[in-house]
Amino acid sequence: FEALVRMGSPAVPALIQALGDRDEDVRSAACGALGAIGDASAVPALRVHAEWSDAARQALNRLGSAAFPLADAVRQLLAQPDWRGVLGRALPAQSVRDTLIAMGSPAVPALMQALRDEDKDVRSAACEALGAIGDASAVPALIKALGDWRVRSAACRALGAIGDASAVPALINALEDGDWRVRSAACRALERLGYDPPTIPK
């Protein structure tokens with residue numbers, strides 16, 4: 001990262017991308033480099049990550065932008081498809097999820113992309129946010145997420161919250177899942193959809 005700092009502003013896009021890395025050490029180093037370069041174009045990404053990262057908060061303070069509004073930062077990241085992974089990495093922060101939920105349907109493409117993230121916490125958070133937004137365009141992606149053993153309960157809950165009848169067959173299949181928690185979540189989702197499933201034993 002020292003070489004990138006020496007490059008200055010031309011290195012900023014790559015460093016912003018590094019904020020989407022799964023490795024916390026990589027993200028922290030990128031924050032430090034962005035703070036050292038001092039390019040204001042990094043503020044939105046740093047502001048989002050400052051919701052859960054001390055390194056990002058320090059970099060943001062160094063740029064004198066600690067008061068930058070979170071909603072504006074999220075909106076700017078959503079407008080840059082290449083930075084959606086950066087936004088997804090911050091999804092485990094409740095404040096970031098709440099901001100995306102408040103934005104509604106414009107946030108759905110980024111959240112569906114986050115369903116493919118390698119981190120289960122990111123995928124689970126994306127399910128939660130998609131369910132809260134309630135946009136039926138997310139249903140196919142959430143049905144696919146029912147095959148993801150780490151987040152399938154969250155996907156059931158999201159499908160129940162959206163309330164689209166096209167999810168019923170997939171949720172019925174989930175009633176046979178080997179995990180009682182998934183069966184229970186599928187049962188509750190089907191009830192919300194107006195389907196009366198059988199009692200699911202633990």
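The values are calculated or read from the model by the stated rules, or taken from the named source; none is laboratory data. The structure presented is a predicted model; accordingly, all values stated were derived computationally and were not measured. Positions of Cβ are backbone-derived with ideal geometry, glycine not excepted, and every protein chain shown enters the neighbour counts. Protein only, heavy atoms only, side chains kept; ligands, DNA and RNA dropped before computing areas. Shrake-Rupley method; radii C 1.70, N 1.55, O 1.52, S 1.80 Å.
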Run lengths n ≥ 4 of DSSP H only: what is the helix-derived mean residue ellipticity at 222 nm for the chain, with -39500 (n - 2.57) per run over all residues, to the nearest 500? -18000 deg cm²/dmol
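Given Cα pairs under 8 Å that are at least 6 residues apart, what percent is the relative contact order of the range 44-165?
Values: 171 pairs, mean separation 23.1, N = 122.
Relative contact order here is 19 percent.
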0 to 90° range, to nearest 10: angle between helix 120-133 axis and the chain longest Cα axis: 70 degrees
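So how strong a dipole does the chain carry about its Cα centre when Lys and Arg Cβ are +1 and Asp and Glu Cβ are -1, to the nearest 20 debye?
Details: 22 positive and 24 negative charges, 35 e Å.
Charge dipole, the chain, about its Cα centre: 160 debye, nearest 20.
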Among TRP180, LEU142, ALA154, flag the residue with its Cα farthest along the positive direction of the charge dipole of the range 124-202, charges on Cβ as +1 for Lys/Arg and -1 for Asp/Glu. TRP180
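With a Förster radius of 45 Å, plug the Cβ-Cβ distance of ASP148 and ASP54 into 1/(1 + (r/R0)^6) and report the FRET value to the nearest 0.05. Intermediate results must be reported in sequence, preceding the final value.
Numbers: r = 30 Å, r/R0 = 0.68.
The value I calculate is 0.90.
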Calculate the spin-label point distance for ALA136 paired with GLN113, positioning each point 7 Å from the Cα along the beta-carbon direction, and give it in nanometres. 2.6 nm
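Would you kindly state how much longer the chain becomes between GLN17 and ALA40 on full extension, computed as 0.36 nm times their sequence separation minus their alpha carbon distance, in nm to one decimal? Don't skip to the end; give the middle numbers.
Details: separation 23, 0.36 × 23 = 8.28 nm, distance 1.53 nm.
Stretched fully, the GLN17-ALA40 segment lengthens by 6.8 nm.
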Label points 7 Å out from Cα along the Cβ direction at ARG188 and ALA66: separation in nm? 3.9 nm
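Any idea of the accessible area per residue across the chain, 1.4 Å probe, to the nearest Å²? Don't skip to the end; give the middle numbers.
Details: 9620 Å² over 202 residues.
For the chain, the solvent-accessible area averages 48 Å² per residue.
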How far apart, in nm, are two points set 7 Å out from the Cα along the Cα-to-Cβ line at SER9 and at VAL168? 5.8 nm
